[in-house]
Amino acid sequence: MITKTRKALETLARSRKKRAPEQLGAAVGVALAKWNVGKFFAWRMSEGKLQWSIDESRVQQEESLDGCYIVRTDAPTTVFDKTQAVSAYRQLALVDRGFRQLKTVALEIRPTYHQLDSRIESHVFLCMMGYYLQWHMQQKLAPLFESDGAGVLERLKSVRRQTVKLSSPGAPGIHGTAVTLTSHPDEQQKRLLDLLEVAL
């Protein structure tokens, strides 16, 4: 980013195009804002020309800290030592990924609008239960998920067991026969179900 900003300023400094001081200042501002490294540059205009320099000491200072970060917590050391605090912070990424799974990626739970509190609670419960099941599946199928997590879930979507209750249209109060329909998994699906220790 510094190199790109340097080239942009060099182009402005060499340009023979006549510009008003306000126009030249605006062009410099655009170049500094584009790559967000303006803090490393000092510049001024002298006789309609751009003069600039780079603060090498500040660049070196930033480079010495590059890749370092601080995790701050109010938890006492009896609860978290520094290693545990960093580990807990990194696990927040799993929380973010979980919300993405709930909303769009795998579970594809669309926004549902409810009128009653009990229905909202039920919807949230089902969402969390779905993610809980998916999390356990990922633990058991970890090698497969690493290579193609979406494909694993896609292969299992067609596996289901459901019970259908048949009633007579002329006698709605009388329940008829209940039929349970079970999928016949193919070889790949059988392997996945065996790894999950699930029997149909």
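The values are calculated or read from the model by the stated rules, or taken from the named source; none is laboratory data. All figures in this text were calculated on a predicted structure; none of them were measured in a lab. Neighbour counts are summed over all protein chains in view; Cβ atoms, including those assigned to glycine, are modelled from backbone coordinates with ideal geometry.
Could you list, in sequence order, all residues of segment 8-27 that are within 23 Å of Glu56 (Cα to Cα) and either touching a residue at least 24 places away in the same chain (Cβ under 8 Å) or loosely packed, with under 11 Cβ neighbours inside 10 Å (or both)?
Passing the criteria: Ala8, Leu9, Leu12, Ala13, Arg14.
Can you tell me which of Lys103, Lys157 is modelled with pLDDT under 80 and basic (Lys, Arg)?
Going through Lys103, Lys157 in turn, the sole match is Lys103.
Exactly one condition in (1) within 30 Å of Val152 (Cβ to Cβ); (2) small (Gly, Ala, Ser); (3) not assigned by TED's automatic domain parsing to the domain that holds Cys127 is not met by Ala8; state its number.
Exception for Ala8: condition (1).
Between a first residue in segment 125-144 that is without any contact (Cβ under 8 Å) to a residue 60 or more places away in the chain and a second residue that is of a type in the set (Gly, Ala, Ser), which pairs have beta carbons less than 7 Å apart while being 6 or more apart in sequence or on different chains?
Tyr131/Gly98; Gln134/Ala106
What tally of residues in segment 124-138 results from selecting those that are within 15 Å of Val198 (Cβ to Cβ) and of a type in the set (A, V, I, L, M)?
Of the residues in that region, 2 qualify.
Inspect all residues belonging to segment 50-71 and state whether any of them is modelled with pLDDT of 85 or more, part of a strand (DSSP E or B) and of a type in the set (Ser, Thr, Tyr).
yes
I'd like to check something: does segment 6-24 contain any residue that is closer than 30 Å to Leu92 by Cβ and outside any loop (DSSP other than H, G, I, E, B)? Show your work before the answer.
Going residue by residue through segment 6-24, those that are closer than 30 Å to Leu92 by Cβ are none.
Checked against the condition, which is being closer than 30 Å to Leu92 by Cβ and outside any loop (DSSP other than H, G, I, E, B), segment 6-24 yields no hits at all.
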